[in-house]
Amino acid sequence: MQFYIETVGCQMNVLDSELVYSGLRRSGLEPATHREDADVILFNTCSIRQHAEDKIYSALGRLKHWKTHKPFGVLGVIGCMAQKDQKMIFQRAPHVDLVLGPGQLELLPETIHQLLDEKLQLRYENQEAVTGKKLLVSLKRLEHRHTEVVESFRLFNPVRNPESRTNRFQAMVRIMFGCNQFCTYCIVPSVRGPEQSRPPQEILDEIRTLVRQGVIEITLIGQTVNSYRYKSNGKTTRLSDLLYEASEIEGLGRLCFVTNYPRGMNDELLQAVRDLPKVSKHLHIPAQSGSDSVLRRMRRNYTAAEYRELIDRIGSTIPDASITCDLIVGFCGETEEEFGATVELVRYGRFKNSFIFKYSERPGTKSAELFSDDIPESVKKTRNNILLEIQDNISLEQNRRFIGRTVEILVEGVSKRFETGGVQLSGRTLCDRIVVFDAPDDRLIGQFLKQNIVEAAPFTLFAR
Ligand code: SF4
């Protein structure tokens, strides 16, 4: 029996799909090269934007013909949209067999085998492949006791299968699940549940296993990774402690972590980043807005001045650090003045780059309930373009400072293959700058190299 997973969304989903792949392989299923050949098709979904959900529903619609040809196959929707839409998925796409939320992934292999067995039985009995649908989701926050909700979001950490990664030198390790911030525009706390930190020993063991499998760079991930905190036997382990311990692992070349919440970027963490040579000097810290009134409406729990103070503190503690940022334009009621404050923050922050999003209302969030999505699309687009242009100029100015310098990069992969032979390889510096250079072949992938920078573009450095 063969399976195929299609993934949309953030790094959390990419990691979940990798873990699901490992879990399904261990359960005896084989990966399919082409979706249509598979007996089990899974969509690992995202709920952050309406567009991502629309795409999944239309992809499910297109799979009706697959179901007609493979009535005994299993079509499943997993991930955030499964937790958010639940039964509605069966109503909108009646040929879906399974809806399973991100807190139930541990049960996925067993549930798929149950469905396949039931269908096989019906096939032997010459009956129609109509089996009961399976809906496995976690409890809704606010409707149940906190401990029950936490228990219903099970952690899923199967033994990792190196085959499941496209790059064998890089891997992500989840150190925490869920989020407790409740930003008004965000669906994540309800679909990924309350914050839960994994035991440090389990994380370190997983890193050791990955390093033995040949991984050089590990990225620790969490929705608010810097709030990692694990208490045991009277001792509290925080992210900075984890960085010190993981840095000791022999064979590990580089250690990164995402995504940070502006609050909780304490001095211990910044000092660990500064002092540990293996730790990436890149900090991704979403600001979302530079206006205090917008930040209040977003319920971000910090002010623009506090965010600036953080930028200053990073600059004085880790002078070679690069900071990247997420920003939302066109949030409910955003005035020109409020948008202007975001422009100022971008100029002040001199971010390496910013990920700029036009606000998209999500049903089920507080902002959808409290405010109106009243900024016209054309205004959102204009503000988006203004910020992009400012950020591009800053990125270019910053990258130009590297011309003539020698930097160390970890070579990650091929960015281009030339018809005449040879390749363009791409790697990253310790402060997350992308460097490309020509090479005769791809044998340098996975190695640390010193490179001379000769040219710069906003997102790329060119080396020779
Ligand atoms: S910190 Fe805010 S934006 Fe980030 S996942 Fe949590 S609620 Fe969503």
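The Cα-based radius of gyration of region 287-439, divided by its Kirkwood radius, gives an Rg/Rh of 1.07. Pairs of Cα atoms nearer than 8 Å and 6+ residues apart set the relative contact order; for the chain it is 9 percent. Here the Karplus curve 6.51 cos²θ - 1.76 cosθ + 1.60, taken at θ = phi - 60°, turns the phi angles of region 378-391 into couplings of 5, 5, 4, 5, 4, 5, 4, 5, 4, 5, 4, 5, 4, 5 Hz, with x standing for Gly and Pro. Using C-alpha pairs under 8 Å with a sequence gap of at least 6, the mean separation divided by the residue count of region 167-280 gives a relative contact order of 27 percent. In the chain, the longest principal axis of the Cα atoms and the axis of helix 108-124 are about 30 degrees apart.
Here, the chain yields an orientationally averaged convex hull projection of 24.1 nm² when only Cα atoms define the hull. In terms of packing, defined here as the mean over residues of other Cβ atoms within 10 angstrom, the peptides 42-55, 204-217, 392-405 line up highest first as 42-55, 204-217, 392-405. Working ranking of peptides 135-146, 79-90 by packing, defined as the average number of other Cβ atoms within 10 Å per residue, highest first, is 79-90, 135-146.
The alpha carbons of region 167-280 give a radius of gyration and a Dmax of 14.1, 43 Å, in that order. The peptide list 350-356, 64-70, put in order of mean Cβ contacts within 10 Å with the highest first, becomes 350-356, 64-70. For V225, V454, the sequence from fewest to most other C-beta atoms within 10 Å is V454, V225. Annotation: lysines with alpha-carbon distance below 19 angstrom to K133 (same-chain offsets under eight excluded): K64, K67, K70, K84, K87, K119. To the nearest 0.05, what FRET efficiency results for F459 and L107 with a Förster distance of 45 Å applied to their C-beta separation? The computed FRET efficiency comes out at 0.65. For region 2-145, the Kirkwood hydrodynamic radius comes to 15.3 Å, computed from all pairs of different C-alpha atoms. Around the Cα centre of region 281-400, unit charges on the Cβ atoms of Lys, Arg, Asp and Glu (plus for the first two, minus for the last two) sum to a dipole of about 360 debye. Taking the 0 to 90 degree range and rounding to the nearest ten, how far is the long axis of helix 11-26 tilted relative to the main principal axis of the chain, both from C-alpha atoms? The angle comes out near 40 degrees. Within a straight-line Cα-Cα reach of under 22 Å, K278 can be paired with the following lysines, leaving aside sequence neighbours fewer than 8 residues apart in one chain: K352, K450. Taking max minus min of the alpha-carbon positions on each principal axis, region 406-463 gives extents of 31, 23, 15 Å, largest first. Beta bridges assigned by DSSP with both partners in region 167-280 are antiparallel in approximately 35 percent of cases.
Counting only DSSP beta bridges whose two residues both lie in the chain, roughly 40 percent are antiparallel. Across region 52-173, Cα pairs under 8 Å and at least six residues apart give a relative contact order of 24 percent. Considering helices alone, the calculated mean residue ellipticity of the chain at 222 nm is -11000 deg cm²/dmol, with DSSP H runs of length four and up weighted by -39500 (n - 2.57) and normalised per residue.
For K358, give me every one of the lysines with a C-alpha distance below 20 angstrom, ignoring sequence neighbours fewer than eight places off in its own chain. Straight-distance partners of K358: K55, K366, K380, K381. Let me check I've understood the local charge: for K366, count other residues with C-beta under 14 angstrom from its C-beta, Lys and Arg +1, Asp and Glu -1. What total comes out? Every neighbour counted, the sum reads +3.
Read the figures in this text as sums done on the coordinates, not as results from a lab. The model shown is predicted, which means the values in this text are computed figures rather than measured ones. Backbone-built Cβ (ideal geometry, glycine too); neighbour counts: all protein chains shown.
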